[in-house]
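To start, the structure itself, in structure tokens.
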Amino acid sequence: MEQRIRETAEQLFFTYGLKTVSMDDIAREAGVSKKTVYQFFNDKNTIVENVITGLVEQQQKQLQQSSKASKNAVHEMFLIAAGVQVLALKVRPVLLYDVNKYFPECGKLMKGFKEEDLRGALINNLNEGIEQGLYRKNLSVDVVAQFGLIQFTSLFAPESYPNNQFNIKTVICKITELFLYGIASADGQIEIARHIHNKNNEHKS
């Protein structure tokens, strides 16, 4: 029951934001009484913290899985980008606005993921790519990682790529390709082209 309530709250939060969704809304959508909701969660803040913490932990696991499943640095960067794409499609701007304005502790948690986990993953990827000979040796890793972080997080700012003008999936693909081609060595460019070719064939089959 607790999981059911949490999943219901998550769906409502991701659709309508955090501020406008009430405990009554959560109970009604979950098909339970408000009393039942309070048996598992002390208040709305507790549910919000639970949902946001779960979201961050899920993204942390995704980064870890990208590292383990990747064949090389180029492949890993595409996997990282795919994870960012899923998050961008899931998290609407209204949720991010509400988190930062009304739930600052949750906002700090999400900011920590961006600045520590995601940035750290980019730095590790760049170092590995240099060692593997797929990225150029003269890269300023900190600067390039920050640039990549800015490009990925721009997907969550509606003014950067308005939904009525851009397709998020297309945007993340192009951002990733441009980013990688900008840092790749000759061998890395071959690997990028191979990955794109294989991906296109997968879509056609």
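Suppose we filter V86, V56 for residues that are part of a helix (DSSP H, G or I) and touching a helix residue (DSSP H, G or I) at 6+ places or on another chain (Cβ under 7 Å); which single one remains?
Result: V56 is the single residue among V86, V56 that is part of a helix (DSSP H, G or I) and touching a helix residue (DSSP H, G or I) at 6+ places or on another chain (Cβ under 7 Å).
The residues in segment 154-168 that are touching a Leu at 6+ places or on another chain (Cβ under 8 Å) and part of a helix (DSSP H, G or I) can be counted, and the count is 2.
Across segment 98-110, not a single residue is classified as crowded, with 19+ Cβ neighbours inside 10 Å, under 20 Å from L63 (Cα atoms) and among the β-branched types (V, I, T).
Can you tell me which residue within segment 161-182, out of those that are aliphatic (A, V, I, L, M) and open to solvent by less than 40 Å² (accessible area, probe 1.4 Å), is nearest to L89 (Cα to Cα)? The extreme case among them is I168.
Looking at E76, E57, which one is open to solvent by 40 Å² or more (accessible area, probe 1.4 Å) and under 18 Å from the mean Cα position of the chain (by Cα)?
None of the other options fit; the residue is E57.
When each of R194, R119 is tested for being touching a helix residue (DSSP H, G or I) at 6+ places or on another chain (Cβ under 6 Å) and either within 27 Å of R92 (Cα to Cα) or open to solvent by 30 Å² or more (accessible area, probe 1.4 Å) (or both), the lone residue that passes is R119. In segment 1-33, what residues are open to solvent by 80 Å² or more (accessible area, probe 1.4 Å) and touching a residue at least 40 places away in the same chain (Cβ under 8 Å)? Once the filter is applied, which keeps residues that are open to solvent by 80 Å² or more (accessible area, probe 1.4 Å) and touching a residue at least 40 places away in the same chain (Cβ under 8 Å), segment 1-33 yields Y16, K19.
The values are calculated or read from the model by the stated rules, or taken from the named source; none is laboratory data. Remember, it's a predicted structure, so these values are computed and weren't measured experimentally. Neighbour counts run over all protein chains shown; Cβ positions are idealised from the backbone, glycine included. With ligands, DNA and RNA removed, areas are computed over all heavy atoms of the protein, side chains included. Shrake-Rupley method; radii C 1.70, N 1.55, O 1.52, S 1.80 Å.
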